[in-house]
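The values are calculated or read from the model by the stated rules, or taken from the named source; none is laboratory data. What you see is a predicted model, and the numbers here were worked out from it, not measured in a lab. We place every Cβ from the backbone using ideal geometry, glycine too, and count neighbours over all the protein chains shown.
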Amino acid sequence: MKRVFPILAVLTAALLSYALYEALVAAPTEQTMGDVQRIFYYHVPSAWTAFLLFTVNLVASVVYLISRNAKADALAVVSAEVGVVFCTVVLVTGPIWARPVWGIWWTWDIRLTTTLVLWLIYVSYLILRRFSSSGQTPRLAAALGVFGALDMPLVYFSIWFFRTQHPQPVIAGGNGSGLDPLMGKVLLLCVVAVFCVMVLVYIDRYRLELLRNECDELKFEIESRNAQAASLVTAATRRTDG
């Protein structure tokens, strides 16, 4: 994998550059919103990618709660971490898009609010993993990950169940009822490019997490041996003095 990774990184960079050109130049300008609509080509793929990663976190957390599998725990941690990055992109690009369209940077719209809550839950997950040293931390974090996943359906279906300023999804089109066909192709290209970036970051971060776990195990083993050696020396000293 170490040999293949640089090649995949170069190919992903090329795909990302091509997708950027298509999104900023080749895609037609939206008649109502103008050029600011082009944020859509990164806002939407980032949201889908974040949802995918949080779903992986959910599955890995459930597996860990059932089996206490260390690799499942590592998958959960990495999914939450990378998912927060893409969710942050969503929360940053959304207001940039909304400002010229709605006239405000932020409104407590149900879709926006539930997305912010989702982000806060997984940020809390990462804070718990980073600063808690309890042996129960992985289990508590897994439970929090399962709880956080409950917010995802609310985020997704909120625009159907509640009155909201957030636009309805417009994917199918070609007859005036959805995306322009070229816009749809550019969106798909950007989705693939963002997904490839996510895969690269995920693989590298997962490998780092496994190494960190190995280092923690070695550190614990060394400390245990040192404690045993110290106990033996103390016992020998007491017998000698006696």
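Listed values, structure above:
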| quantity | calculated |
| --- | --- |
| Number of the exception - residue 226 against (1) within 25 Å of the chain's Cα centre (by Cα); (2) modelled with pLDDT under 80 | (1) |
| Subset of the stretch 7-33 (residues that are among the acidic types (Asp, Glu) and assigned to a helix (DSSP H, G or I)) | 22 |
| Count of the stretch 19-40 residues which are of a type outside the set (A, V, I, L, M, F, W, C) and surrounded by 14 or more Cβ atoms within 10 Å (Cβ to Cβ) | 4 |
| Residues satisfying the stated conditions in the stretch 47-82, i.e. hydroxyl-bearing (Ser, Thr, Tyr) and either surrounded by fewer than 18 Cβ atoms within 10 Å (Cβ to Cβ) or within 17 Å of residue 147 (Cα to Cα) (or both) | 55, 61, 64, 67, 79 |
| Filter result for residue 156 (closer than 14 Å to residue 57 by Cα and either among the aromatic types (Phe, Trp, Tyr) or over 16 Å from the mean Cα position of the chain (by Cα) (or both)) | no |
| Residue in the stretch 37-52 that is in a helix (DSSP H, G or I), in contact with an Asp or Glu (Cβ under 7 Å, 6 or more places away or on another chain) and under 19 Å from residue 111 (Cα atoms) present | yes |
